[in-house]
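Taking it in order: structure first as structure tokens, then the write-up.
The values are calculated or read from the model by the stated rules, or taken from the named source; none is laboratory data. Nothing here was measured: the structure is a model prediction, and the numbers come from that model. A quick note on method: Cβ atoms are made from the backbone with ideal geometry, for glycine too, and the neighbour counts reach across all protein chains shown.
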Amino acid sequence: MSVKAIPMYKRPKGLTDVRTHYCAGCGHGIIHKLLAEALEELDVLEESIVIAPVGCSVLLYNYIDIDGLEAAHGRASAVATGLKRALPDRMVISYQGDGDLLAIGTGETVHTANRGENITVIFVNNAVYGMTGGQLAPTTLEGQKTLTSPYGRNAADIGYPIRACELLDTLEAPLYIERSSVHNPAAIRKTKKAIAKALQYQKDGLGYSFVEILSMCPTNWGVDPVEGAAWVKDAMVPWYPLKKFRDRPASTEPAKRAS
């Protein structure tokens, strides 16, 4: 009986050979790989710039071999706007977490999308503040226990978890909005396609694209990696449904800006 050879893993050209600082079971490493693959396949590695947020992925530029810089907490999309307007020939990616994008950065998020800036925003939603120890985030689920909600999130007291895609889908300007996940192989494959499509919109000069990715944070959830992946499916997906909210046709005219 012959044994089928297992193909050797081929590291994407844009992914550096650096040991990760992420916790076991964290989804950021998967997302970094998908982003690097998409940039390579679109042949835009040399002209891409990624904005790292304040959060667990603050060292993002160590892992993806493209130009990168950090932004103050919540200001990544504002920095991305300035970069893209100053360097319109570059691919600009704003990579943000839930505390960064939906708490201190809510204003920047909404107005960047409302203007239809020609950037790509990758929003990683793990329902908690990860880097600072697991406090309640705008995306923390109702009843979910965190460091600052030890009895569970009480919606009557602090409101309901915010759905970013649904919020941005009320605006006219965004062209591509999708929510995906990295909790299993099938979801990972769909996320890769979503990232690639969002980048393609920018490459074609069409306008604003937004991909929300449900991700695991086993350390701050207090579970093991397998349980973390299951929690995304069983607890997060019902509140944050995986779907494509908007995908304007390729014939959409590029946004025209005042000179």
Check: In this structure, does Pro7 turn out to be modelled with pLDDT under 90, buried (at least 20 other Cβ atoms within 10 Å of the Cβ) and not charged (D, E, K, R)?
Finding: no
Check: Scanning for something modelled with pLDDT of 95 or more and touching a Leu at 6+ places or on another chain (Cβ under 8 Å), does the stretch 79-88 turn up at least one residue?
Finding: yes
Notebook entry, point to check: With respect to the numbered conditions (1) hydrophobic (A, V, I, L, M, F, W, C); (2) part of a helix (DSSP H, G or I); (3) touching a Gly at 6+ places or on another chain (Cβ under 7 Å), which one is the sole condition not fulfilled by Val124?
Noted result: (2)
Notebook entry, point to check: Going through the stretch 11-33 one residue at a time, which ones are in contact (Cβ under 8 Å) with a residue 40 or more places away in the chain and either of a type in the set (D, E, K, R) or surrounded by 22 or more Cβ atoms within 10 Å (Cβ to Cβ) (or both)?
Noted result: Lys13, Gly14, Cys26, Gly27, His28, Ile31
Item checked: Test: Tyr61 is within 25 Å of Glu166 (Cβ to Cβ) and in contact with a strand residue (DSSP E or B) (Cβ under 7 Å, 6 or more places away or on another chain) -> no
Next item on the list: Would you mind telling me which numbered condition in (1) surrounded by 16 or more Cβ atoms within 10 Å (Cβ to Cβ); (2) hydrophobic (A, V, I, L, M, F, W, C); (3) under 17 Å from the mean Cα position of the chain (by Cα) Leu83 fails?
Entry: (3)
Note to self: Among the residues of the stretch 65-73, are any part of a helix (DSSP H, G or I) and surrounded by fewer than 20 Cβ atoms within 10 Å (Cβ to Cβ)?
What the structure shows: no
Next item on the list: Taking only the stretch 217-257 into account, find how many residues are of a type outside the set (D, E, K, R), closer than 27 Å to Tyr201 by Cβ and either at pLDDT below 95 or out of contact with any Leu (no Cβ under 9 Å at 6 or more places or on another chain) (or both).
Entry: 7
Next item on the list: Output the residues belonging to the stretch 86-101 that are buried (at least 22 other Cβ atoms within 10 Å of the Cβ) and either under 25 Å from Ala24 (Cα atoms) or of a type in the set (Gly, Ala, Ser) (or both).
Entry: Ser94, Tyr95, Gln96, Gly97, Asp98, Gly99, Asp100, Leu101
Next item on the list: List the helices (runs of 4 or more DSSP H) that sit entirely inside the stretch 134-252 and contain at least 2 residues that are among the basic types (Lys, Arg) and free of Cβ contacts under 8 Å to residues at least 12 places away in the same chain.
Entry: 185-203
Notebook entry, point to check: What number of residues within the stretch 25-63 satisfy the criterion of being at pLDDT 95 or above, aliphatic (A, V, I, L, M) and under 30 Å from Gly222 (Cα atoms)?
Noted result: 6
Item checked: Positions within the stretch 111-164 being among the small types (Gly, Ala, Ser) and either surrounded by fewer than 24 Cβ atoms within 10 Å (Cβ to Cβ) or over 24 Å from Lys192 (Cβ atoms) (or both), in sequence order -> Gly116, Gly133, Gly134, Ala137, Gly143, Ser149, Gly152, Ala155, Ala156, Gly159
Notebook entry, point to check: Would you pick out the residues in the stretch 37-79 that are touching a residue at least 60 places away in the same chain (Cβ under 8 Å) and within 19 Å of Ala198 (Cα to Cα)?
Noted result: Glu37, Ala38, Leu39, Glu41, Leu42, Val44
